[in-house]
1. Step through the residues of the range 45-53 one at a time and calculate ³J(HN,Hα) from phi using the Karplus curve (6.51 cos²θ - 1.76 cosθ + 1.60, θ = phi - 60°), rounding each to whole Hz and writing x for Gly and Pro.
2. Check which residues have an amide H placed less than 5 Å from N41's amide H, if you skip close sequence neighbours.
3. Sum -39500 (n - 2.57) across every DSSP H segment of at least 4 residues in the chain, then divide by the residue count to get the 222 nm mean residue ellipticity, nearest 500.
4. Give me the lysines in straight-line cross-link reach of K214: C-alpha distance below 16 Å, same-chain residues under 8 apart excluded.
5. Using only the C-alpha atoms of the chain, find the volume of their convex hull and express it per residue in Å³.
6. Can you give the Rg/Rh ratio of the range 234-278, where Rg is from the C-alpha atoms and Rh is the Kirkwood radius?
7. Check which residues have an amide H placed less than 5 Å from L261's amide H, if you skip close sequence neighbours.
8. Could you give each residue of the range 215-232 its phi-based ³J(HN,Hα) in whole Hz, using Karplus coefficients 6.51, -1.76, 1.60 with θ = phi - 60°, and x for Gly or Pro?
Amino acid sequence: MKNLIQAFLAVLVVSIVCLIAINRLNASAGYSGTNTLTVYNWGDYIDEEVIDQFEEETGITVIYETFDSNEAMMTKIQQGGTTYDVAVPSEYMVQKMMEEDLLIELDHSKLPNLKNIDERFMDLAFDPGNKFSVPYFWGTVGIVFNTKMLPDMNFKSWDDLWDPELKNDILLVDGAREVIGMGLNSLGYSLNDTNKVHLQEAQDKLNTLTPNIKAIVGDENKLLMANGEAPVALVWSGDASEIMFENEDLDYSVPEEGSNLWFDNMVIPKTAKNIDGAHQFINFMLDAEVAAQNTEYVSYSTPNKEALKYMPEEMVNDERFYPSPELTDKLEVYDNLGKKNLAYYNELFLEFKMYRK
Ligand code: N2P
């Protein structure tokens with residue numbers, strides 16, 4: 001009997017030790033639903049120290065993955081292979097995800113820091129009442145250029161890019177809406193135009209830009225511009241802002257014919273496993289000091305009005321990156337054009353990329 005009890009106790013102790021070990025392993029390898037959070041964001045779009053702080057404060061381990069276009073992000077979420085807890089789509093993609101029932105309604109009672117967001121960026125047409133999304137960064141699309149390498153140019157017009165002097169000089173951001181949009185804007189059409197004749201005209205016009213294009217790139221554009229390896233690039237404003245701190249010869253212009261005003265937003269996809277953790281993460285990112293630190297690092301424009309108080313004045317007062325409502329009113333926000341039209345934009349963009357080869 002004594003032996004039996006001893007054996008039973010031994011088995012019990014071994015089982016408990018095993019259970020503890022398995023638990024620890026799961027937590028560190030990211031298998032435990034409640035102790036990990038999978039975040040899906042644009043490349044170069046967060047200060048990793050902020051992630052460390054969140055992990056320390058909450059004990060949640062963040063698994064962080066990046067994408068480089070709204071379309072790539074959407075495809076991955078639809079495939080459902082990875083269960084993302086937080087993603088960061090732009091406004092037109094938020095709307096598309098809402099329509100396709102891919103998002104969880106946010107619990108505002110778990111997001112007290114939402115009060116820090118400037119009202120100007122709340123309750124926008126793509127998500128009335130911010131039911132599904134909260135603002136992360138915002139900005140414009142424009143041209144960053146090197147004033148030393150191109151002393152006679154100011155890029156007040158999109159057509160300046162077609163100057164034959166710019167042979168093999170231009171970097172384009174690798175985005176269908178941005179590039180086709182530039183073609184449309186340069187012809188005086190809307191960024192949300194779905195008229196196939198207009199879109200064809202835009203593609204034809206873009207094809208004539210080919211001799212001036214050096215490359216169509218992602219985040220590498222920043223290094224090439226900062227190092228003076230290219231004199232001009234079509235970029236999102238925050239990329240310009242970041243490299244302008246590194247190279248004072250650079251300037252940024254939003255052409256007068258019009259351009260895009262965009263908003264990137266945090267959402268919780270339906271695939272989420274850790275909905276409570278996702279709210280904690282979003283609320284953490286909305287904290288004024290966290291947002292200020294993240295903004296100084298990333299250099300994009302923050303919608304967090306409380307964060308502005310902790311940021312350097314020269315950053316906050318720079319009208320190129322914090323344009324007034326009078327200026328932004330003249331810009332266009334992308335509409336969700338629907339599946340067919342979006343696919344058509346992508347097709348035109350792919351054809352344009354192939355035309356260059
Ligand atoms: C950051 C990209 C920002 C995307 N690298 C603008 N929507």
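Values in this text are rule-based calculations from the coordinates and carry no lab data. On a predicted model such as this, the values are computed, not experimentally measured, just so you know. In this analysis, Cβ positions are derived from the backbone assuming ideal geometry, glycine residues included, and neighbour counts consider all displayed protein chains.
1. Once θ is set to phi - 60°, the couplings for the range 45-53 become 10, 7, 8, 4, 4, 5, 5, 4, 4 Hz.
2. When sequence neighbours closer than 5 places are left aside, the close amide H contacts are E65, T66, F67.
3. Counting only the DSSP helices, I get -12500 deg cm²/dmol.
4. K214 reaches K167, K222, K353, K357.
5. For the chain, the hull spanned by Cα atoms encloses 165 Å³ per residue.
6. Radius of gyration over Kirkwood radius for the range 234-278 works out to 1.23.
7. E332, V333, Y334
8. So the J values, rounded to whole Hz, are 6, 10, 9, x, 5, 4, 3, 5, 5, 4, 6, 4, 8, x, 8, 9, x, 7.
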